[in-house]
Amino acid sequence: MSPNLLLNEQVADRRLRGLPTLHLGFGEARLPLLAELAQVFVEAARQASYSPVAGTEAARVAVAGYFQRRGLATNPSDVVLAPGSKPLLFATVAALDGDVYLPAPAWNSYAPQVRLAGRTPIGVPIGERYGGLPEPRLLRARIEQDRGLGRRPAAVIVNSPDNPTGSVAPRAVLAELCAVASAAGLTVISDEIYRDLLHTSEPYVSAAELLPERTVICTGLSKSLAIGGWRIGTARFPASSYGNELRDQVLALASDLWSTMAAPMQAVAAYAFAEPPAVTNRLRQSRRLHASLARACCQVCQSHGAAVREPAGGFYVYVDFTERRSAFARHGATDSASLARLLLDDYGVAVLGGHHLGDAPERLAFKIATTGFIGDTDEEQLAALTAANPARLPHVRDRLRWLDEALAGIGGDARTTSTGCHSA
């Protein structure tokens with residue numbers, strides 16, 4: 001089972017047994033359902049017929065408009081919808097013939113999906129300041145090495161803002177990666193599921209702007225609008241002969257794998273991707289919330305000596321306590337797996353160890369999903385969503401203190417004087 005979903009079940013079991021648990025290991029947005037989305041769903045609930053495999057015309061027009069407003073000329077025919085972005089990522093990889101390069105660490109489902117598609121995943125380390133893409137110089141060297149061994153490089157996955165570091169690579173770094181991909185004839189699969197949750201007003205740069213003829217964008221509404229259980233995903237294929245061929249291969253796979261996205265969800269997609277005021281206001285609130293929690297979480301972790309890349313979007317913080325190995329080892333934390341077990345068993349804090357994300361297992365690294373600080377009830381979540389400074393709410397501060405005390409217990413009372421999150 002996928003390790004994040006397995007951890008989710010372990011947390012549920014602990015809570016059923018009455019064990020207090022702070023769940024920071026699962027990437028769910030954990031926010032109240034937007035009333036307008038519920039209304040669209042209710043009105044469309046009687047739509048029970050199959051939709052076209054690529055999606056309804058209304059939904060594809062809305063998605064095309066979404067990308068056009070972001071500076072990417074898009075025709076509805078370039079768009080495919082699916083029950084979540086996961087199937088689209090898988091089908092795109094399956095339609096390509098060759099190995100797939102991944103950032104290391106990266107979201108824990110990329111590598112298994114590549115293997116399930118019968119391809120080989122190849123992790124390439126991320127840079128020291130940014131995650132979400134293989135460090136371009138290391139990628140170039142690895143491609144040359146792999147071709148010398150007779151491998152067939154086919155694609156590279158990038159994710160910005162990324163899971164697990166929440167960082168955003170600057171334009172120059174992404175441009176360098178796209179140049180490497182172009183020279184090697186790779187397809188770039190750009191996972192932009194967190195694009196609308198940027199913490200700053202800095203312009204977003206998509207790989208599709210830099211390598212338009214060979215970039216596929218996958219995204220969805222699970223994270224931005226907190227409707228992961230509704231499974232609404234979409235992909236934008238290049239408007240080129242290559243893009244058309246790849247899209248047709250994905251549609252052929254889709255017709256035998258998932259047939260179509262549920263008809264009521266097509267209506268929700270048509271509404272949400274058109275970005276009416278209710279949606280844009282929710283996104284504005286969500287960005288403020290996630291930025292506040294990321295900053296507060298960084299401060300807690302850095303105060304205990306963690307190295308942290310600066311999160312600039314999404315709702316993750318990736319921390320590395322390798323420099324504190326001797327202090328942590330006294331409590332039995334000698335690698336990422338034992339550190340995650342110690343946090344859960346002794347302190348009731350659930351995190352996802354870096355070994356599940358393609359990081360070196362010996363590192364004392366783990367991912368924190370900051371949505372775990374938001375709260376468990378609708379009242380707590382709504383308060384966090386609407387607060388000017390969510391990290392100052394009492395129930396949020398209590399959860400941040402829980403993490404703080406757990407890290408203090410493992411590492412002793414040695415602290416740095418850090419007052420804010422910075423690049424590792």
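Taking the fewest neighbouring Cβ atoms within 10 Å as the starting point, the ordered list for 199, 304, 395 is 395, 199, 304. In plain terms, the residue of 116, 72, 186 with the fewest other Cβ atoms within 10 Å comes first and the most crowded comes last, giving 116, 72, 186. Going by neighbour counts of Cβ atoms within 10 Å, the residues 261, 1 line up, fewest first, as 1, 261. Each listed q (0.12, 0.13, 0.18 Å⁻¹) maps to a log10 I(q)/I(0) for the stretch 49-274, found by the Debye formula over equal Cα scatterers with no solvent: -0.59, -0.69, -1.38. The trypsin sites (Lys or Arg not before Pro) of the stretch 26-109 that meet both conditions, a loop assignment by DSSP and at most 14 other Cβ atoms within 10 Å of the site Cβ, are 46, 69.
Any read-out appearing in this document is the output of simple, stated calculations on the displayed coordinates, not a laboratory observation. Keep in mind that this is a model prediction, so the values were computed, not measured. Counting neighbours? That spans all protein chains shown, and the Cβs are built from the backbone with ideal geometry, glycine included.
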